[in-house]
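The numbers here are math on the coordinates, done by the rules we state, and not lab data. Because the structure is a prediction, the values reported are computed rather than measured. Using ideal geometry, Cβ is built from the backbone for each residue, glycine included, and neighbour counts are taken over all protein chains shown.
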Amino acid sequence: MFGADLDVKVPRNFRLLDELEKGERGLGDGCVSYGLMDDDTTLTYWTGTILGPLNSAFENRIYNLRIRCGSNYPESPPVVYFRTRIHLHCVDSHTGAVDPSRCAVLRGWTRQCTLETLLIELRREMTHPQNRRLQQPPEGSEFSAPSNAPSGR
Amino acid sequence: MSGHLSNRILRETERLARDPVPGISVTPHEDNARYFNVILAGPAGSPYEGGIFRLELFLPADYPMQAPRVRFLTPLYHPNIDRLGRVCLDILKDRWSPALQIRTVLLSIQALMSEPNPDDPLNNEAADLWKKDIARAKQMAQEWTTRYAK
């Protein structure tokens, strides 16, 4: 539904309002979700959750993420951090930051990508052979928020 | 079909520049001719009087078959405007008609500022106060105007 007409560019704010409404109605099978933090009127700071996929080391765990959509979104990808501790090849093991150069959806970001596709693709990374059986930190532990992480305002 | 800017949009934009509505300024973005910066003067006699309110307006691909999208960027305390600046107004939804224009939409929003409709709320807290204690509600709206719109 987003960007179906390539010639008409929906501006950032209206695009994010569309994404917000879609997220509030509920997404697909409920394995990922997202929402705006603290009624942020700049539409910049978001939270996301991913339910770990079955038959993986992530099964039955709920992962909380922080997402920052900058002023150039959706031309530029958002900045993404895991808050819940995780071992994943594209995630910095100290900060929880998702490394855009190691994450296919961020590396190949286009304005057709959405917060929903971002979370679905991150969940798919968990089923990738190089990640699927990685030993995971104790359940429920969190990354200590680095000073530059999008943790709020 | 909608890649080139329709004559309709060009005509409206030209007329807004040539023959502006008092108290309303509409400026297209340089890099997107369907996206406008809007400045509305708070209507006289309302708690928003004296305030300068910034909005953004976007004409979607199938405008004028579909209504413009509008959002307040300046916070205001109003039963039909939520914390993200979204506006609840019938002509932006099911009562839209292609005969309406950017100009009529913005005049309707000014009218909504003068005449809130607390029975169809988007900000429930403001709507409740408007119904229970209208003097206090208007005082709140005035305080927000002073704090955010001046």
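A few points about this structure:
- For the listed peptides B:93-99, A:65-71, A:93-99, a ranking on the average number of other beta carbons within 10 Å per residue, highest first, reads A:65-71, A:93-99, B:93-99.
- Average Cα contact separation per residue, region B:7-148, under 8 Å, 6 or more apart, as relative contact order %: 21
- Taking the longest Cα principal axis of chain A as reference, the axis of helix A:12-25 is set at about 60 degrees.
- Counting only alpha carbon atoms, the long axis of helix A:115-127 and the longest principal axis of chain A meet at about 20°.
- Neighbour-limited loop hits for GluC sites (Glu not before Pro), region B:1-105 (at most 13 other Cβ within 10 Å; DSSP other than H, G, I, E, B): B:30
- Only helical runs count toward this figure. For the protein assembly as shown, summing -39,500 (n - 2.57) over DSSP H runs of n ≥ 4 and dividing by all residues gives -8500 deg cm²/dmol at 222 nm.
- The protein assembly as shown, dipole about Cα centre (Lys/Arg Cβ +1, Asp/Glu Cβ -1), debye to the nearest 20: 380
- Solvent-free Debye calculation, one equal scatterer per alpha-carbon of the protein assembly as shown: log10 I(q)/I(0) at 0.10, 0.12 Å⁻¹ equals -0.66, -0.88.
- Nearest-ten-degree value, helix B:102-114 long axis tilted from longest Cα axis of chain B: 0
- Listed residue (A:47, A:33, A:63) projecting farthest to the positive dipole end of region A:14-81, Cβ model: A:63
- Within 10 Å of the Cβ of each residue in A:9-17, the mean number of Cβ atoms contributed by other protein chains is 5.
- Debye, to nearest 20: dipole size of region B:7-148, +1 on Lys, Arg Cβ, -1 on Asp, Glu Cβ: 120
- Calculated SAXS-style log₁₀ I(q)/I(0) at q = 0.13, 0.14, 0.18 Å⁻¹ - region B:7-148, Debye, Cα scatterers: -0.56, -0.64, -1.02
- Against the compact-protein benchmark of 2.2 N^0.38 Å, the Cα-based radius of gyration of region A:1-150 scales to 1.02.
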